[in-house]
Amino acid sequence: MPFNDPQLLSSSNHPPPSFSRLLALNSPEWKQALIGSLAAATFGAVQPVYALTVGGMISAFFVLNHEEMNSRIRTYSIIFCSLSIISILVNLLQHYNFAYMGEQLTKRIRLKMLEKILTFETAWFDDEENASGALCSRLSNEASMVKSLVADRMSLLIQTGSGVLIAMIMGLIVAWKLALVMIAVQPLTILCFYARKVLLSTMSANFIKYQNQSTQIAVKAVYNHRIVTSFQSLGIVLQLFDKAQDGPRREARKKAWLAGIGIGSAQGLTFICRALDFWYGGKLVNAGEISAGDVFKTFFILISTGKVIADAGSMTSDIAKGSKVVASVFSILDRQSLISTNVHEGDESSGVKLEKLSGVIEIRKVDFAYPCRPDTLILREFCLEVKPGTSIGLVGKSGCGKSTVIALVQRFYDTDRGTVKIDRVDIRMFNIEWYRTHMALVSQEPVLYSGTIRDNIIFGKIDAFENELIEAAKAANAHTFISALKDGYETECGER
């Protein structure tokens, strides 16, 4: 079977990204989800009950008997006070539980995304879209957007659904003819906001792409601030950053126009609904089918429905972004590394493990081009053999493939054609973790992590003994230098 067969990569089919899959990640918090949903549904019912009470309060002033009027007003006042207390309690339950769910989901997604990203092959990071700045931006922004989608938007959707359903039932009970007319025109408002959501979703992908480009420029400039300062390149960097912002500005301008049209249309339809309500309600009162109090009750109940739908419609931009973010998150979580899945499909315990590795390196007729530059062949029919205990030098001008040969031996990349063998075994058959624990590389620009010299040395073997650490330093001709330092092996290396 070919090592780079795309059929192998798709052998494990993942379900498509969806909101239900996102909620499945929140399954450990099912108790909070249940309590929060019940609280949201209860608070959704508060609005139509409040509207019914307002309508009843107004109708009470039409009563001719003053004692009955006072009794009704007293009753409605008690209802208002009760609704305020209920609103406070259910709001606390709703927002606390959904916020808890959101924070847990954010932590879980960030950990899973980072864990998955660190398993990907080196070629994946060569793509400009997967540069360090863009990935950091995705880890920060996408996890926060997912939290907002679950914690804030889900609670609002449940609250909206509960409020609309109860309001329509109440309206039909009070004055069913007037309620039917009002309910019939509600889809116009919903349609307006739905169209706005569709238009916004088409632009979200471009907007995120432009934002990642500008973030990457800023990250590179800050990381290499010494070079920028040395060459007096601040003006050039600012120009590049400003140019990268042109895309987000254009997208934001389009979104502003569409949002204005959508909200304006929805507001206009709301006023039309109010006019229709009073006109048709007046006709029914004139015909003696309902009372004036019923008109006010139905008016406030169904106007509250329009308000709830309008509030839900205001979050369409977040839903549009959220659908893209969910797809982006699962594109990382579902992806399998090309290096670890070529033969063993990601099974960490599988693969060849030799009892002893002598270190015979054989490279036979290798063709290789970097995946990000597939048309530029770096190695062509390249052959090399290195015997154990010998030294060999690769000499050539910059860009001729010296570092590429090392990267192939480390199996950071796989060859397009030909084989790389260690001790007569194709390195693609090795258990990748076991294989890399048996190699070491001193690069031209070594990376030192924040911590002591001792910490940096034992990264190669976490459970190393003191004598092993010193022997490693002596083998690298560093022991004398390190011992001469004031703190010796406990000297802090500093950032980078």
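The values are calculated or read from the model by the stated rules, or taken from the named source; none is laboratory data. Computed from a predicted model, the values in this text were never measured in an experiment. All Cβ positions, glycine included, derive from the backbone under ideal geometry; neighbour counts span all protein chains shown. Note: areas computed on protein heavy atoms with side chains; ligands, DNA, RNA excluded. Shrake-Rupley method; radii C 1.70, N 1.55, O 1.52, S 1.80 Å.
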For K474, give me every one of the lysines with a C-alpha distance below 19 angstrom, ignoring sequence neighbours fewer than eight places off in its own chain.
K461, K486
Give me the angle, in degrees from 0 to 90, between the Cα long axis of helix 246-286 and the longest principal axis of the Cα atoms of the chain, rounded to the nearest 10.
20 degrees
Over segment 24-176: Rg over Rh, Cα atoms, Kirkwood Rh
1.26
Taking the mean number of other Cβ atoms within 10 Å as a proxy for protection, how do you rank 45-51, 75-81, 31-37 from highest to lowest?
45-51, 31-37, 75-81
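Counting other Cβ atoms within 10 Å, which GluC sites (Glu not before Pro) in segment 405-496 have at most 12 and lie in a DSSP loop? Intermediate results must be reported in sequence, preceding the final value.
Numbers: sites: E433, E466, E468, E471, E490, E492, E495; in loops: E495.
Listed in order of number, the matching sites are E495.
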To the nearest 20 debye, what is the magnitude of the charge dipole of the chain about its Cα centre, counting +1 on the Cβ of each Lys and Arg and -1 on the Cβ of each Asp and Glu?
1220 debye
Spacing of the two label points (7 Å from each Cα toward its C-beta) at V447 and I86, in nm:
5.8 nm
Round to the nearest 10 and give me the degree value, 0 to 90, for the angle of helix 234-244's Cα axis relative to the longest principal axis of the chain.
50 degrees
The chain, accessible area per residue, ligands and nucleic acids excluded (1.4 Å, Å²):
58 Å²
So how much accessible area does K255 have, in Å² to the nearest 10, using a 1.4 Å probe?
30 Å²
If I stretch the segment between R424 and T390 completely, what's the gain in nm (0.36 nm per residue apart, minus their alpha carbon distance), one decimal?
10.5 nm
Not counting ligands, DNA or RNA, and with a 1.4 Å probe, what is I173's accessible surface area in Å² rounded to the nearest 10?
130 Å²
Per residue of segment 331-337, what does 6.51 cos²θ - 1.76 cosθ + 1.60 with θ = phi - 60° give for ³J(HN,Hα)? Whole Hz please, x for Gly and Pro, Karplus curve as stated.
5, 7, 5, 8, 6, 10, 5
Cα gyration tensor of segment 400-482 - equivalent ellipsoid semi-axes, whole Å, descending:
29, 15, 11
Within the chain, what whole-number % of the accessible surface is contributed by carbon and sulfur, with the 1.4 Å probe and all protein chains included in the calculation?
61 percent
Assuming R0 = 35 Å, can you tell me the calculated FRET efficiency for the pair D375 and A218, based on Cβ-Cβ distance, to the nearest 0.05?
0.70
Can you tell me the order of 388-395, 362-369 when each peptide is scored by its average per-residue count of other Cβ atoms within 10 angstrom, highest first?
362-369, 388-395
Given pairs K365/K387; K107/K255; K387/K421; K31/K107; K177/K283 and cut-off 22 Å on Cα-Cα distance, the over-length ones are K107/K255
When the Karplus curve 6.51 cos²θ - 1.76 cosθ + 1.60 is applied with θ = phi - 60°, which whole-Hz ³J(HN,Hα) does each residue of segment 84-89 get, with x for Gly and Pro?
5, 5, 4, 4, 4, 5
Identify all aspartates and glutamates with a Cα-Cα distance to K147 below 17 Å; exclude those on the same chain that are fewer than 8 residues away in sequence.
E29, E103, D318
I'd like the FRET efficiency for A24 and D334, computed as 1/(1 + (r/R0)^6) with the beta carbon distance as r and R0 of 22 Å, rounded to 0.05.
0.95
Potential extension, A184-F459 segment - 0.36 nm per residue separation minus Cα distance:
92.1 nm
Nonlocal amide H pairs with L379, under 5 Å, H built at 1.01 Å:
F368
Determine ³J(HN,Hα), in whole Hz, for all residues of segment 393-401 in sequence, where each value follows from phi through the Karplus function 6.51 cos²θ - 1.76 cosθ + 1.60 and θ = phi - 60°; x replaces Gly and Pro.
x, 9, 10, x, 6, 4, x, 7, x
Out of these labelled values of log10 I(q)/I(0) by the Debye sum over Cα atoms at q = 0.06, 0.08, 0.12, 0.13 Å⁻¹, [x] -0.55, -0.77, -1.19, -1.27; [y] -0.34, -0.57, -1.03, -1.15; [z] -0.49, -0.74, -1.23, -1.35, which was calculated from the coordinates shown here?
[z]
Rounding to the nearest 10 and keeping the result within 0 to 90°, find how far the Cα-based axis of helix 30-60 lies from the longest principal axis of the chain.
20 degrees
